[in-house]
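Working notes, structure below.
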Amino acid sequence: MYQVPRNALILMLTAQTLVILPHVMRLPVWLTLLCIGCGLWRVMVYQGRWSFPGKWIKALFVFGGLIGVGFGYGTLLGLEPWVGILIVAFALKLLEMHQLRDAYTVIVLGYFVALTEFLFEQGIPYATYMFLCVTLITASLIGLNQTYLDVRPKDSLKKAFVMLAQAVPLMLVLFVLFPRISPLWTVPLQTNIARTGVSETLSPGDIAELVQSDELAFRATFEGEIPSYRDLYWRGLVLSRFDGPTQTWMQERPGLYGRLLTQESGPVSWQQSMEYLGDPVSYSVMLEPTNRNWMFSLSLPEASDLKQVGMVRDFRFYSFREIRNRFRYELTSHLDYRIDVILSEFWRYRYTLLPENDNPETKRLAASIWASSNGPEEYLSNVLRMYAIGGYAYTLKPPMLTGDTIDEFLTETRRGFCEHFAGSFVYMMRAAGLPARLVVGYQGGEYNQRANYVAVYQFDAHAWAEVWLEGEGWVRVDPTSIVSPERINEGLESAVEEEATFLADVGLSLMKFRSTLWLTDLRLQISAINHYWDAWVVGYTPSVQMTLLNRYLGDVDRKTIGMILLSCFFGLLGITALFLFFKRSQQRLPAIDREYLRYCRILEKQKLPRYFGEGPISYADRVVQQRPDLASAIRAVTDAYIRANFERDEPDDTEQLKKAVRNMRLRAFA
């Protein structure tokens, strides 16, 4: 039976532990315990204390593992269960290493498990960690091919690191030039992993809870001048249905929108209502995974040539696939625009629709203000004036609302967050017969001058209103700006500075120390590095690849790229081969061996060469028979060499050997 070398086994178990460690938070507890138990069992087998598990025990482990994965995740479909099955196979294979090929199988499984981590995380820390794991796995592979006497894991690690370092140039060539193609299969990605972000419904307090997160939502890189902070309204969702029983704003039913504006659909009727005014603003967005379909953009975005993306009737972008990985897209927006100058009777009805029997106080208040107003514009101004002088306050800790939430907010508590003001404003507009809707997204962002982009975080989540006015179309109105202008001009932190509630529910966050300049500078530096990594490594899509190659290589096609790829690949292989061919051995012999070989060369010149495999004593006996005149000198060299190699009783053994060799040379050439 094959015995795995101690060196390889140590590296193999270490690599297995480190590779599985990032998955522990996603694994059922019993699966983690199974991995630990298999590792301990393998150690006991190596020490001879336990025997390998029998056939029936292994079968029990295999079927028990499959059933356990199904119960642990609730399904066998999806990414996480299949990664769990792979980890079960990786752990159980340790108990079946009877042959050398079994050890190779464990190592190959280790490479696959390391690869699966990139399905969940693709940041720089995880990439560095996985490089360490791959180095350990490669070192264990090297250890399998070393002798039992070479039991130092450090030597295997050094060789593995050198091998991977030599592969880096080839890896870079393949990464840059190899065609970026879509996979031949699809895997349902992390379906059970919750992502923070705006949701498709909005109730009082929802955004107030969301803004207690410092998670990154997306980064936007502009071409040219960046718009002012107050103009950064990132449109995401449009909520135009109010559900009375739940007091919740929701999206309109998709079937009412008709045909979407897409690359393949061509012009649609409502596209004619889009009037772009002023200068365009071009930018690209790197959106974090949301497990949702909606995208974020400044208003009013032009229809892009992106595939699998369409513009919805309420003038926002929509991805036909859920965004489960970082998604990069390029847009052009016009901050000055007009849309739906003429609104059909159907949409007038839909955007003024309210439940009949809820929030009666708000409806009476709206009727009172409308009666004292001279037209829609004055009514709108009077409602905003009500927020300004009515004792309303902007806070992240609004009172709990029950029953008719809008009545309670407008007439009693008067303390709320952006969704309270925007939601109640839309309700007031509709109560007076004016078409209005609620828009949810983000407002503002943090400019990073290190990499020239705007980072938008979850605490930048915001809600505002759009009101339809005759001759103007949809007009953005943000009642939050009346109550708390600091929120729109400077950001959330300035708006809630007095009540000190900014990220109050977050334990340790660097965003809390933005007033500390050196810490902020360090955070921005790290964020800039992550941005470049996401843009040029994680976000190196086929379109980005072709844009980069066309910029530096001219107009190239796939055939030209393939020829360049093969030329670079084989060129690097040739350079590496020549380097290894002409490289001299860096291993230096010990001083005593160098002196003894010098002694052998002296005798070789005397026509007394040493035979291959001939030991020092046998060689000395043969030479003495042919040259008895050199007997004393030869015995002196041989004795000094043996003593220096095996006894080492005296510190000057090497010096004695040198003197004996010099004396031998003088006697031989006398």
Tilt relative to the chain, helix 29-47 - C-alpha long axis, 0 to 90 degrees, to 10: 0 degrees
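Local charge sum around residue 283 (other residues, Cβ-Cβ under 15 Å, Lys/Arg +1, Asp/Glu -1)? All intermediate terms of the calculation are to be shown ahead of the outcome.
Numbers: positive: 219, 235, 328; negative: 223, 225, 231, 279, 302, 330.
Net local charge, residue 283 excluded: -3.
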For residue 400, net neighbour charge (Lys/Arg +1, Asp/Glu -1) across residues whose Cβ lies under 15 Å away: -4
Read-out Kirkwood radius over Cα pairs in Å, derived from the coordinates shown; its label in (1) 28.7; (2) 31.5; (3) 29.6: (2)
Counting DSSP beta bridges with both ends in the chain, the antiparallel % (nearest 5): 95 percent
When each of 93/158; 607/658; 58/93 is checked by Cα-Cα distance, pairs over 20 Å: 93/158; 607/658
Aspartates and glutamates with Cα under 19 Å of residue 159, excluding same-chain neighbours fewer than 8 positions away: 150
Alpha-carbon centroid distance for the pair region 11-33 / region 600-650, whole angstrom: 58 Å
Of the GluC sites (Glu not before Pro) in region 226-286, those whose Cβ has at most 10 other Cβ within 10 Å and which sit in DSSP loop: 264
Inter-part distance where region 425-483 and region 308-363 are each reduced to a Cα centre, Å: 12 Å
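Using helices alone, what [θ] at 222 nm do you get for the chain, with -39,500 (n - 2.57) per DSSP H run of 4 or more residues, divided over all residues and rounded to the nearest 500? Numbers along the way, then the final one.
Values: 23 runs with 306 residues, N = 670.
The helix-only estimate for the chain comes to -14500 deg cm²/dmol at 222 nm.
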Whichever lysines have a C-alpha closer than 29 Å to that of residue 559, once near sequence neighbours (fewer than 8 apart) are set aside: 307
Candidates per chymotrypsin sites (Phe, Trp or Tyr not before Pro) in region 319-406, loop by DSSP, up to 16 other Cβ within 10 Å: 320
Separation in nanometres of the label points that stand 7 Å from Cα toward Cβ, at residue 572 and residue 25: 3.3 nm
Listed residue (298, 99, 513) projecting farthest to the positive dipole end of the chain, Cβ model: 99
Contact order normalised by residue count of the chain, Cα under 8 Å, 6+ apart, percent: 13 percent
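State, as an integer percentage, the relative contact order of region 201-509 based on alpha-carbon contacts under 8 Å between residues 6 or more apart. Please report the intermediate quantities before stating the final value.
Working: 628 pairs, mean separation 79.1, N = 309.
Once divided by the residue count of region 201-509, the mean separation gives 26 percent.
Give me the net charge of residue 116's neighbourhood, meaning all other residues with Cβ under 14 Å from the Cβ of residue 116; Lys, Arg count +1, Asp, Glu -1. Before the final figure, lay out each step's value.
On the way: positive: 26; negative: 80, 117, 121.
With Lys, Arg at +1 and Asp, Glu at -1, the neighbours total -2.
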Given charges at beta-carbon only (K, R positive; D, E negative), |dipole| of region 591-668 in Debye: 540 debye
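A short reminder: the numbers here are calculations on the coordinates, not readings from a lab. Note that this is a predicted model, so its numbers are computed, not measured. Using ideal geometry, Cβ is built from the backbone for each residue, glycine included, and neighbour counts are taken over all protein chains shown.
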